[in-house]
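Notes follow once the structure below has been shown.
Where a number appears in this text, it was derived from the coordinates with a stated rule and is not lab data. Every value quoted in this text rests on a predicted model; they were computed, and no experiment measured them. No Cβ is skipped: glycine too gets one built from the backbone with ideal geometry, and neighbour counts run over all protein chains shown.
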Amino acid sequence: MPDFTVATRASALARAQTGWVRDRLADLLGIEVAELLVTSEGDVSDAALTSFGGQGVFVARVREAVLDGRADVAVHSMKDLPTLPHPGTAIAAVPTREDVRDFLVTTRGGLDDLPSGASVGTGSPRRVAYLRRRRPDLRVVAIRGNVDTRVARVKDGDLDAVVVATAGLIRLGLTPPGAPLAVDDMLPAVGQGALAVEMRADDARMPRVRGLDDAGTRAEVIAERALLAGLRAGCSAPVGATATATDDRLDLRAAVLSLDGSQMYECTTNGPLSDAEGVGRRAADLLIGQGADQLLGEM
């Protein structure tokens, strides 16, 4: 019988992420670690993610497995995790982050090389807003599905391009045509490329699991999530952010866009690594001072 059980969604990407965590937990703790597959609300519905309100659609049922004792740990994509703390659980570890950038899957070169009217698939309001701002002549198509399914729509000729997270491609070992988009062209989602290892708050084993934690990544994620919380925005809002930890310093870039990309508010903040939440909150205040809260309130 396994000593530890890790809950995750059943998608290929979720299982790849969880397998990475499971292997390191086994090495760290010297125990056998099993996997529990959970079907989330977002997995069983074809509706646009914005119809769920953007709050924990891929998280709730996986978390329930930890709270009801079926699992000891849940592994989430950090960008799917609501910013409000959940009673009874805590983020035990934030492992080293993968590449934060978005990736343009296409056989037609870069974003500037796509012909006018080319079809670009994405299900993210943030990506839609950036695409419409940078290339209003493109035809943006709403899509959902697993990463490999979305990539296949380009290979099959159904779409000229799709935008996905670079981290997902790396974790799945996929090497589609195309290239990452520079953060100057498209700021990533809050928490993109990072994982959250969640446990029951009263689990005495949490200090041992914290051995998976990367201090720099945790600080980056705290700042980005504090920004999102300060804006009172959900996971699916058109908000881009990337924090970078260097030694004991933290730099944060952030932006809020209108859905059509015609308006954008930007800011940068920085501070000590120990004040990651303050760095994020100050960024939110700067954006609100520019009018970002009104922009978000209109959505």
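Couple of notes before you dig in:
- Tally of residues being out of contact with any Lys or Arg (no Cβ under 9 Å at 6 or more places or on another chain), buried (at least 16 other Cβ atoms within 10 Å of the Cβ) and either polar (S, T, N, Q) or closer than 16 Å to Asp102 by Cα (or both) across the stretch 236-254: 2
- Qualifying positions in the stretch 171-188 - β-branched (Val, Ile, Thr) and surrounded by 22 or more Cβ atoms within 10 Å (Cβ to Cβ): none
- Restricting attention to the stretch 227-269, the residues being more than 14 Å from Ala292 (Cβ to Cβ), free of Cβ contacts under 8 Å to residues at least 60 places away in the same chain and part of a loop (DSSP other than H, G, I, E, B) number 2.
- Only one entry in Gly289, Gly280 is buried (at least 22 other Cβ atoms within 10 Å of the Cβ) and either more than 21 Å from the chain's Cα centre (by Cα) or not polar (S, T, N, Q) (or both), namely Gly280.
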